[in-house]
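**Student:** A single structure is presented below for examination.
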Amino acid sequence: MPASVPYFVLERNYGYVAASGLTLAATLGSALPQPVIGLLVDRRRVGPLAAVGVVLAGLGVG
C-alpha cells in the first residue's frame with residue numbers, strides 16, 4: 001500500500017493526508033487482528049486454516 005501513495009497523489013489527485021490515511025487503514029486492518037488470530041491458532045488446532053490461507057493468498061495474487 002505505501003508504494004501506491006504517489007499514484008493516488010499524482011493520478012487521482014488525493015491529498016497527502018487522504019493518501020496516507022489509506023495507508024494507515026491498510027496497516028491497521030492487518031495489524032490489529034494479528035494478535036487475536038495468533039491466540040486462536042495457539043489455543044486450538046486449526047490445521048486446515050493454513051491451507052485456506054494459502055488458497056486465499058493465491059486467489060488474491062491471481
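**Student:** Across the stretch 1-17, which residue is farthest from the chain's Cα centre (by Cα) among those that are open to solvent by less than 50 Å² (accessible area, probe 1.4 Å) and under 19 Å from Ser30 (Cα atoms)?
**Tutor:** My answer is Val5.
Yes/no per residue for (1) among the acidic types (Asp, Glu); (2) over 16 Å from the mean Cα position of the chain (by Cα); (3) in a helix (DSSP H, G or I); (4) within 22 Å of Pro2 (Cβ to Cβ):
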| site | (1), (2), (3), (4) |
| --- | --- |
| Thr23 | no, no, yes, yes |
| Thr27 | no, no, yes, yes |
| Ile37 | no, no, yes, no |
| Asp42 | yes, yes, yes, no |
| Ala51 | no, yes, yes, no |
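The values are calculated or read from the model by the stated rules, or taken from the named source; none is laboratory data. All of these numbers come straight from a predicted model, not from anything done at the bench. Note that each Cβ is placed from the backbone with ideal geometry, even for glycine, and that neighbours are counted across all protein chains shown. Each accessible area value is taken on the protein alone, full model and side chains, heavy atoms only, with ligands, DNA and RNA left out. Shrake-Rupley method; radii C 1.70, N 1.55, O 1.52, S 1.80 Å.
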